[in-house]
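Engineer: The structure is given below, and queries will be raised subsequently.
What follows is calculated from the coordinates using simple rules that are stated; it is not laboratory data. Everything numeric in this text was worked out from a predicted model, so none of it was measured. So basically every Cβ, Gly included, is an ideal-geometry build from the backbone, and we count neighbours across all protein chains shown.
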Amino acid sequence: MFAPSISVPLAGLFVAACVVGAKGAAGRAQDSRVSPEVIVARRYMTPIGTLSEKQAITIASGKIQAIVPQEKIPQEKNVVHYGNAVVCPGLIDVRSLAGAYGNVVESAFPVDPGASAIDSLDFHHRDFRRAVASGITAALIAPTPGNVVAGACAVVKTGGKIRGRAGSVMRDDGPLVFGFGPATWKYDRAPTSRIGALTMIRSVMDKARNGSGHGRLRSFVAGELDAMVFCDAAIDVEGAIRVFGELLPHVSVVYTGDDYDVVQLLGESQVSAIVGPYSFSMSQRTLSMAAALADAGVEVALAGRMPIEGGLSLRRTASLAVRYGMDPASARRAITIAGAKVAGVSDRIGAIRAGMDADLVVFSDDPLRLDARVLAVYIDGIRIYNADQQLTMSAGGRDD
Amino acid sequence: MHVSTMKTRQASVSPTSWVSRRGVVSKVVCLVLFVHMTVARGQLLERATVIADARIITGGGQVIEKASIVIKGGKIVAVGENVKVPFLSRRVSAAGKTITPGLIDVWSALGMSAGTGDGDATARAEDAFDRYARDDFREALRQGVTTVYVGADGSAGINGTAAVIQLVPGTGRSAGEVLRKDAALCVNLGSNQSPIRRIKTFASIRKQFQTAVDYRKSLEDYDEDLKEYLDKLAERRKKDEGEKKTDEGAAEDEKSPEDESPSPQSGDDIEGDDSGGGGAGGLHGHFRAIFPQTTGRSHFAKSGSNGDKPKGGDKAKSPEDQKDKDKEDELKKPQKPAYDAVSVVLLRAIDHELEVRIEAHRSADILNALALAKEFHLDIVLEGATEAYLVADAIAEADVAVVLGQVERTGIFEDTEFRRHTNRNAEYLSRAGVRWAIGSGGHDPRASRFLGFNAEMALAHLPADDFSRFAWVEWLTRDASELLGMSQEVGLVAPSMRADLVIWSGDPGDPQTIVERVFVGGTLAYLAPGLAGGGL
């Protein structure tokens, strides 16, 4: 007689507890994926790289709708306030290898324009979560420059609607990668030398101009597809300038050397340069290169090389470049819009401007300051990272 | 003058007295000149410098706006908004600038670019330190670093003692001065090695400490034995003198000391055998014959009279008339254990005279380090401690401090000692109540200059509510000097501290800010290019 009367309320309690628990969980899940219509913070980064005060960003269907003065925020909108924070466009790492493991090149064929970096991507790799937590919302993944024509880069967003997975593929036919330095010379196939590599590039470009060869090469010589050239030394830069000639405005040079002779060469040739990552063990000479190139009028994009370097590497590179003379606005552009230009997606990401994708990072302070925290990350208007909800760490893992 | 000279000449017969008089005059003149110059120079030296109207981050948690610092004799005399400015002091305006104490790298490799090799406990970091690496020092000063701790960096094992270096202004000869020679004993548990190598490394380190303990025991035993020997010698002499007095053919009496001797020898301590440095077993009999004290401590001697028997045998062979010679054989002086330089250093660590820095990254190695500290009562500080967050409670319980290195590391080398690296290590240590400090990582000579950036990155991963904006300055100044035991000298902008000061053009956390001037001991050690007024 008594047994059921006790067990019924207990069961009721249990059910109630389950419902409350489920509601709580659902509430949190929703909370971490907010899609506000207006984001308000003390400062935001303008397309020219400066920080502007007292503006609000309105968002509609995943795009930035407008930048309005804070006193003109529409009352009825769903507003998220971030106090003293700084809102920036999502950071772009132009030399990332996030999710791309192993050798991202097939070295058997020295001219391999058909190779696509996208084919080596693991979209579920935890690198993407780390990238998001560091404020990197887009990555340019290049084939390893081990071939004269190494293939096409991929441009991906690092997060999206599905948790723990890279977001949309922005381009699977990104810039075509060229190289003619020692990394492309092999003992068992041509080219075996710098002269051989340059001759090979001239030859395939001639063919492409005459309508034969791979479509990507034909697009490149027609000025419809950009290229990325890996240059370890000044001699490679000179080679690139000789070989590409009138196509140079479509070329970005990845320059890892510290020879200041290239500064003037690059400044005169209208190419953009990719510099970095910078580490604490580099010489003053190397660390001053980004500033020198920017001063010479070269559009500089900085690289973080995540995950070979940690997630903070991109901002560390920018911070070191500024400490060694780079103008802060140029440095902020170098980790956002300049990267977007190199990747050929500057019409969609890299700046806070009406019509651009709402890929935004909320920093506690100027992103060039290394003590600035990532407070929240939005991709396509959806908040996919919130620092307040990252209090626990899986034991023994690097998943931070 | 002329007249007096003439007079003197006339009066004095001996030319020597005239010369000596002139000497006195010149001496007086010299003295007056010397005193005058010394006073003048002394006034110059003692003239105080006042750096006025700066924002001061004291390093002790305070930020004072529009304050002044008075420097005299290389030290800070006064700090504050309304300081009393001494008479004839030089005033330098630092309006709009920020002043911090000189930054201290508690785990650096600055000036160690030549590298260190496989050393032992007797190796010294100062020997590997290149005090003429002026460009590197200038780069460090340019980022506000004035003092570095450099360890004896080497492979797995005990690598030697560390030094604390002050980056001093270019005096023409060198740019680095050793402040403390043996700041710590450097041990590396070799977390980068394979499991079996790590076991061997730890066993070898433990053995070296055990050897040091045994060495001390053997020295103590030796002292005891020596005393015993001297006592006996005195006793015998007394007896001999008595015998001579009585003038008897005392063959029976003579035996008595021989009988006595085995009893104290008869093995109250067996350990002495290992530590005595008595050499290989083949020599044992030889030593026994020559050094009865050593013999007495052998395992064989443990059964009392046994050890005495061979001696008796020897004696039986020897002619009876050589009594005195027998006596001497019997009471040989005990042998002092061979000097063990490694053990001497390790004993200083055991005696708490030398702190022990143990680099360990894997959690198992960290626990081993704690066990080593417990076994030999060592004052340890953990270095690196990549996986410290996994064993934070154990570290807190042992009350051991941790020195963290690089905050950011590569994410792709999955099977190194850094495979579980997280840039949130400091946060977990703080929560567990572990004291921690941060350096530049101790292996990269160039990383030392970016000590500030490294600390700022650590701060970015800590809860904003728990740490102030300038917490990283405190870590690199006050906390660092406390860790190095130098909190009475450096690490604070406060009276009586050495005037190691950095003048920043603005907020030190802003990468656009530059270091304009650095003072070390009150002397200008760095002046940013293009800035005037270098002398101050």
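Engineer: Calculate the spin-label point distance for B:VAL342 paired with A:ARG209, positioning each point 7 Å from the Cα along the beta-carbon direction, and give it in nanometres.
Structural biologist: About 7.2 nm, to one decimal.
Engineer: Return the long-range amide H neighbours of B:TYR526 (sequence gap of 5 or more, or a different chain), with a cut-off of under 5 Å between placed amide H atoms.
Structural biologist: B:VAL518
Engineer: I need the per residue convex hull volume for chain A, using only the alpha carbons, in cubic angstrom as a whole number. Show your work: numbers first, answer last.
Structural biologist: Numbers: hull volume 72.1 nm³, N = 400.
Each residue corresponds to 180 Å³ of Cα convex hull volume.
Engineer: Write down the percent of antiparallel bridges among all DSSP beta bridges whose residues are both part of region B:62-151, to the nearest 5.
Structural biologist: 55
Engineer: Sticking with this structure for a sec: Points 7 angstrom from Cα along the Cβ direction at B:ASP465 and A:LYS77: gap in nanometres?
Structural biologist: Reported label-point gap for B:ASP465 and A:LYS77 is 3.0 nm.
Engineer: Which value in deg cm²/dmol, rounded to the nearest 500, describes the helix-derived mean residue ellipticity at 222 nm for chain A, given -39,500 (n - 2.57) per DSSP H run of n ≥ 4 and division by the residue count?
Structural biologist: Value at 222 nm, helices only: -8500 deg cm²/dmol.
Engineer: Under 19 Å from the 7 Å Cα→Cβ point of A:SER52, by amide nitrogen: which residues of region A:328-356?
Structural biologist: Within reach of a label on A:SER52, which here means backbone N under 19 Å from a point 7 Å along Cα→Cβ, region A:328-356 contributes A:328-338, A:347-356.
Engineer: Continuing with this model, one more query. Nearest 10 degrees, 0 to 90: what angle lies between the long axis of helix A:194-209 and the longest principal axis of chain A (Cα atoms)?
Structural biologist: It is inclined by approximately 80 degrees.
Engineer: Given region B:447-512, report the % of alpha carbon pairs whose separation exceeds 13 Å. Mind showing how you got there, number by number?
Structural biologist: Details: 1462 of 2145 pairs.
Here the long-distance tail beyond 13 Å is 68 percent of all Cα pairs in region B:447-512.
Engineer: Right, something else. What FRET efficiency do you get for A:VAL169 and B:VAL63 if R0 is 51 Å and r is their Cβ-Cβ distance, rounded to the nearest 0.05? Can you show the working numbers first?
Structural biologist: Working: r = 49 Å, r/R0 = 0.95.
Calculated value: 0.55.
Engineer: Further question on the same structure: Just A:ALA240, A:ALA387, A:ALA273 to compare: in a GNM of chain A, with alpha carbon springs under 10 Å, which one fluctuates most?
Structural biologist: It is A:ALA387.
Engineer: Summing Lys, Arg as +1 and Asp, Glu as -1, what charge do residues with Cβ under 14 Å from the Cβ of B:ASP136 carry, B:ASP136 excluded? All intermediate terms of the calculation are to be shown ahead of the outcome.
Structural biologist: Working: positive: A:ARG285, B:ARG131, B:ARG134, B:ARG138, B:ARG142, B:ARG446, B:ARG449; negative: B:ASP105, B:ASP130, B:ASP135, B:GLU139, B:ASP444.
With Lys, Arg at +1 and Asp, Glu at -1, the net is +2.
Engineer: Using a Förster radius of 30 Å, what is the FRET efficiency between A:GLU224 and A:GLN65 based on their Cβ-Cβ separation? Nearest 0.05, please. Please report the intermediate quantities before stating the final value.
Structural biologist: Details: r = 31 Å, r/R0 = 1.03.
Once rounded, the FRET efficiency stands at 0.45.
Engineer: Report the full-extension gain for the segment B:GLU220 to B:LYS200: residue separation times 0.36 nm, less the Cα-Cα distance, to one decimal in nm. Walk me through the numbers on the way to the answer.
Structural biologist: Values: separation 20, 0.36 × 20 = 7.20 nm, distance 3.00 nm.
Full extension from B:GLU220 to B:LYS200 adds 4.2 nm.
Engineer: Hey, another quick one. By count of other Cβ within 10 Å, fewest leading, how are B:ASP379, B:ASP223, B:ASP399 ordered? Provide the component values of the computation, followed by the final result.
Structural biologist: Numbers: B:ASP379 16, B:ASP223 12, B:ASP399 9.
Least to most surrounded, the residues fall as B:ASP399, B:ASP223, B:ASP379.
Engineer: Ok, one more. Around B:GLU383, which amide H atoms from residues at least 5 apart in sequence, or from another chain, sit under 5 Å from its own amide H, with H modelled in the peptide plane?
Structural biologist: B:ILE358, B:GLU359, B:ALA360, B:VAL403
Engineer: Calculate the spin-label point distance for A:LYS161 paired with B:LYS181, positioning each point 7 Å from the Cα along the beta-carbon direction, and give it in nanometres.
Structural biologist: So the label points at B:LYS181 and A:LYS161 sit 7.2 nm apart.
Engineer: Sticking with this structure for a sec: Could you state the angle between the C-alpha long axis of helix A:2-32 and the longest principal axis of the C-alpha atoms of chain A, as a value from 0 to 90 degrees rounded to the nearest 10?
Structural biologist: The helix A:2-32 is inclined about 30 degrees to chain A.
Engineer: Only counting other Cβ atoms within 10 Å, I'd like B:TRP504, B:TRP475, A:TRP185 sorted with the fewest neighbours first. It would help to have the intermediate numbers written out before the result.
Structural biologist: Values: B:TRP504 24, B:TRP475 27, A:TRP185 19.
Placing the least packed residue first, the sequence is A:TRP185, B:TRP504, B:TRP475.
Engineer: Hey, fewest Cβ within 10 Å first, where do A:HIS250, A:HIS81 land in order? If you can, show how the numbers build up before the last one.
Structural biologist: Numbers: A:HIS250 21, A:HIS81 14.
With the sparsest Cβ surroundings first, the list reads A:HIS81, A:HIS250.
Engineer: Then there's this: So which of B:LYS181/B:LYS374; A:LYS72/A:LYS161; A:LYS54/A:LYS161; A:LYS77/A:LYS341; A:LYS63/A:LYS157 end up more than 23 Å apart by C-alpha? Present the calculation step by step, with values, prior to reporting the outcome.
Structural biologist: Numbers: B:LYS181/B:LYS374 26 Å; A:LYS72/A:LYS161 31 Å; A:LYS54/A:LYS161 30 Å; A:LYS77/A:LYS341 33 Å; A:LYS63/A:LYS157 15 Å.
Over 23 Å Cα-Cα: B:LYS181/B:LYS374; A:LYS72/A:LYS161; A:LYS54/A:LYS161; A:LYS77/A:LYS341.
Engineer: For chain A, what does the relative contact order come out to in percent, with C-alpha contacts under 8 Å and a separation of six or more? Could the numbers behind the result be given before it?
Structural biologist: Numbers: 916 pairs, mean separation 76.9, N = 400.
Answer for chain A is 19 percent.
Engineer: In addition: Using the Cβ atoms and a cut-off under 13 Å, what net charge is assigned to the surroundings of A:ALA56, where Lys and Arg are +1 and Asp and Glu are -1?
Structural biologist: Values: positive: A:ARG42, A:ARG43, A:LYS54, A:LYS72, A:LYS77; negative: A:GLU37, A:GLU53, A:GLU71.
Computed value for this residue: +2.
Engineer: Continuing with the same structure: GluC sites (Glu not before Pro) within region B:335-416: which are DSSP loop residues with at most 13 other Cβ atoms inside 10 Å? Show your work: numbers first, answer last.
Structural biologist: Working: sites: B:GLU353, B:GLU355, B:GLU359, B:GLU375, B:GLU383, B:GLU387, B:GLU397, B:GLU408, B:GLU414; in loops: B:GLU353, B:GLU355, B:GLU387, B:GLU408, B:GLU414.
Here the sparse-neighbourhood loop sites are B:GLU353, B:GLU414.
Engineer: Here is a follow-up. Would you tally the net charge around B:VAL187, using a Cβ to Cβ cut-off of less than 12 Å, leaving B:VAL187 out, and scoring K and R as +1, D and E as -1?
Structural biologist: Details: positive: B:ARG206, B:ARG357; negative: B:ASP120, B:ASP153, B:GLU355, B:GLU359, B:ASP365, B:GLU383.
The answer is -4.
Engineer: For helix A:313-323, report the angle its Cα long axis makes with the longest principal axis of the Cα atoms of chain A; keep it between 0 and 90° and round to the nearest 10°.
Structural biologist: Helix A:313-323 sits at roughly 70 degrees to that axis.
Engineer: Pulled fully out, how much extra length does the chain show between B:THR416 and B:LYS244, if you take 0.36 nm times their separation in residues and subtract their Cα-Cα distance?
Structural biologist: Values: separation 172, 0.36 × 172 = 61.92 nm, distance 7.91 nm.
The B:THR416-B:LYS244 span can extend by a further 54.0 nm.
Engineer: Using a Förster distance of 41 Å, how high is the FRET efficiency between A:ASP259 and B:THR523, based on the Cβ-Cβ distance and rounded to 0.05?
Structural biologist: On the way: r = 37 Å, r/R0 = 0.91.
Here the calculated transfer efficiency is 0.65.
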